[in-house]
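K.L.:
After the structure tokens below, expect a handful of questions from me.
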Amino acid sequence: MGNSGATITDIRTESPFWLMKNGYLENYFALTEDAKADFVVIGGGISGALAARSLAITGADVILLDRRHIAMGSTSASTALVQYDIDRTLSDLIGLMGEKRAVRAYQLSLKALNDLQTIAAGLPIKNEFESRLSIRFAKYKKHIPILEAEYKARDRWGFEVELWDQAKVEKNFPFSAPAALATRPGATVDPYRLTHGVLQDAIVKGVRVFDKTSVKSIERNKSGVRVKTDNGHTVRAKKVIIACGYESVNYLPLKVGTLSSTYALVTEPLPKRNLWHQNCIFWNTADPYSYCRQTADNRIIFGGEDELFYDPKRRDALLDDKSKRLEGELRKLFPDIPFIVDYSWAGTFIETDDGLPYIGAIKQLPHTYFALGYGGNGITFSQLAAEILTSQLTGSKNPDADLFSFDR
């Protein structure tokens, strides 16, 4: 049982945008017989897809299972602002874990983002991965010191960063903010297409993918694991990788973070491509913060209004009100953009205390590894998890693994 006291299964509202936009991209099939592999990955979202592909590149025999259709859990509900920023600022993280470790965490997140761009460019399915400037606005004047401290920390360690004053914000946007932090790189992507692209490439590399296959139990013995499915079949493997997003807590006997609900809307396509400065992705220093991006077909995605609870009925009941609030905030920011809201949706997410993901094994569960990309930049963390787990599972020591371990 996970950290919520209840089984986490309902993690998003019924119609997330990416699923509505793309439909079923590829066909996969349920497991219909017993199977054997080196590794079995549970979860067919972006985390599981990247882990399976990365392991297959080493020559490992990999099976991936998902109880839904592929990429239809949290991945289909992601707003997919791809950043190397961690939910805790670098300056804050330095105070929490020391300068060397904090800077390394940011450097690894930046590397993961750059690696994702390289991977995305080589996939058989176009996924709309586009590099973007990332801007964080100060919501209030009292937040200026937060951005100033962050500018100094990032600039000192060679990250690409600028500190904007109010005049520069007003020069580039139709709204005002007392300060802003502009960083590169950032990106946007269609996470649903990205996941299918990663898995199609993984299949070419030998990964066997089975969706509509629920895991009923995981048995562990000296030689490995036996994963039993709800239709009576068994997958035997040396190790199991739990990569089913926020539902992973159902397999984890530890509390790893706080469950919350978040909301987002997407507009109808707009006729103009350049809606604001460099089509950047942006967010602010409010708590909870709001965030915004553009899609490849000129829609605006705007999200926020987070609530600290996990209750699907309550979450979904708030959707109309939250959507109206987000729409009102977006209209205040861009009064001259005549947009129409097309869809709104909500999803569950988990925030960790230090803003870092959890990657690796726990002593309570032999032969079991976790890829928990929890936090505001889960897609980036998923790539980071794939790299670390691949080294751990194929016999290489990863010097950075302890940064994201469960006993850090």
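The values are calculated or read from the model by the stated rules, or taken from the named source; none is laboratory data. Note that the structure is predicted; figures quoted are calculated from it, not measured. For neighbour counting, all protein chains shown are included, and Cβ atoms are generated from backbone atoms with ideal geometry for every residue, glycine included. All accessible areas refer to the heavy atoms of the entire protein, side chains included, with ligands and DNA or RNA removed. Shrake-Rupley method; radii C 1.70, N 1.55, O 1.52, S 1.80 Å.
K.L.:
Being under 30 Å from L259 (Cα atoms) and either out of contact with any strand residue (DSSP E or B) (no Cβ under 9 Å at 6 or more places or on another chain) or modelled with pLDDT under 95 (or both) is the filter here, so list the residues in segment 26-51 that pass it.
P.N.:
G45, I46
K.L.:
Output the number of residues of segment 268-295 satisfying the condition of being over 17 Å from I340 (Cα atoms), within 16 Å of the chain's Cα centre (by Cα) and open to solvent by less than 10 Å² (accessible area, probe 1.4 Å).
P.N.:
Number of matching residues: 1.
K.L.:
From the residues in segment 354-408 that are of a type in the set (D, E) and open to solvent by 30 Å² or more (accessible area, probe 1.4 Å), which one is modelled with the lowest pLDDT?
P.N.:
D407
K.L.:
Ok, one more. Mind checking which strands (runs of 3 or more DSSP E) fall wholly inside segment 113-225 and carry at least 2 residues that are aliphatic (A, V, I, L, M) and within 23 Å of the chain's Cα centre (by Cα)?
P.N.:
The qualifying strands (runs of 3 or more DSSP E) are 130-137, 179-188.
K.L.:
Only residues in segment 224-247 that are among the acidic types (D, E) count as the first member; pair them with residues that are assigned to a strand (DSSP E or B), Cβ under 6 angstrom, at least 6 apart or cross-chain, and list the lot.
P.N.:
Once the first residue is among the acidic types (D, E) and sits in segment 224-247, its partners that are assigned to a strand (DSSP E or B) give D230/K216.
K.L.:
On the basis of being of a type in the set (K, R), within 30 Å of V225 (Cβ to Cβ), open to solvent by 20 Å² or more (accessible area, probe 1.4 Å) and in a loop (DSSP other than H, G, I, E, B), does R53 make the cut?
P.N.:
Considered against the rule, which asks whether it is of a type in the set (K, R), within 30 Å of V225 (Cβ to Cβ), open to solvent by 20 Å² or more (accessible area, probe 1.4 Å) and in a loop (DSSP other than H, G, I, E, B), R53 comes out as no.
K.L.:
Among (1) closer than 25 Å to A177 by Cβ; (2) without any contact (Cβ under 8 Å) to a residue 40 or more places away in the chain, where does G355 come up short?
P.N.:
(2)
K.L.:
Are there any pairs with C-beta distances below 6 angstrom linking a residue in segment 71-95 that is at positive phi to a residue that is of a type outside the set (G, A, S), with the two at least 6 apart or on different chains, and if so which?
P.N.:
Between residues of segment 71-95 that are at positive phi and residues that are of a type outside the set (G, A, S), the close pairs are A71/Y192; A71/T195; A80/V189; A80/P191.
K.L.:
Now, a different point. From I241, I281, I301, grab the single residue that is modelled with pLDDT of 95 or more, within 26 Å of F29 (Cα to Cα) and of a type outside the set (F, W, Y).
P.N.:
I241
K.L.:
Related question: Looking only at segment 335-353, filter to residues that are surrounded by 18 or more Cβ atoms within 10 Å (Cβ to Cβ) and either assigned to a loop (DSSP other than H, G, I, E, B) or more than 22 Å from the chain's Cα centre (by Cα) (or both); which one of those is modelled with the highest pLDDT?
P.N.:
Among residues in segment 335-353 that are surrounded by 18 or more Cβ atoms within 10 Å (Cβ to Cβ) and either assigned to a loop (DSSP other than H, G, I, E, B) or more than 22 Å from the chain's Cα centre (by Cα) (or both), the one modelled with the highest pLDDT is F339.
K.L.:
If the Cβ limit is 7 Å and pairs must be 6+ apart or interchain, which residue in segment 24-45 that is in contact (Cβ under 8 Å) with a residue 40 or more places away in the chain and charged (D, E, K, R) pairs with which residue that is open to solvent by 20 Å² or more (accessible area, probe 1.4 Å) and assigned to a loop (DSSP other than H, G, I, E, B)?
P.N.:
E33/H233; D34/H233; D38/D61; D38/K238
K.L.:
Can you name the residue in segment 229-267 that is of a type in the set (G, A, S) and assigned to a loop (DSSP other than H, G, I, E, B) and, of all such residues, is surrounded by the fewest Cβ atoms within 10 Å (Cβ to Cβ)?
P.N.:
Going through the qualifying residues, I end up with G232.
K.L.:
Right, here's the next one. Take V207 and tell me if it is out of contact with any Ser or Thr (no Cβ under 9 Å at 6 or more places or on another chain) and either at positive phi or open to solvent by less than 10 Å² (accessible area, probe 1.4 Å) (or both).
P.N.:
Criteria met by V207.
K.L.:
Being open to solvent by less than 20 Å² (accessible area, probe 1.4 Å) and of a type outside the set (V, I, T) is the filter here; which residues of segment 84-101 pass it?
P.N.:
Selection gives Y84, D85, L90, L93.
K.L.:
Still on this model: Residues that are outside any strand (DSSP E or B), farther than 21 Å from G245 by Cβ, in contact with a His (Cβ under 6 Å, 6 or more places away or on another chain) and modelled with pLDDT of 95 or more: does segment 285-296 have at least one?
P.N.:
Checking segment 285-296: at least one residue is outside any strand (DSSP E or B), farther than 21 Å from G245 by Cβ, in contact with a His (Cβ under 6 Å, 6 or more places away or on another chain) and modelled with pLDDT of 95 or more.
K.L.:
If a residue must be basic (K, R) and farther than 18 Å from A52 by Cα, how many such residues does segment 227-245 contain?
P.N.:
The qualifying residues number 1.
K.L.:
Being within 30 Å of E160 (Cα to Cα), in a helix (DSSP H, G or I) and modelled with pLDDT under 95 is the requirement here; does T75 meet it?
P.N.:
When the stated conditions are applied, T75 passes them.
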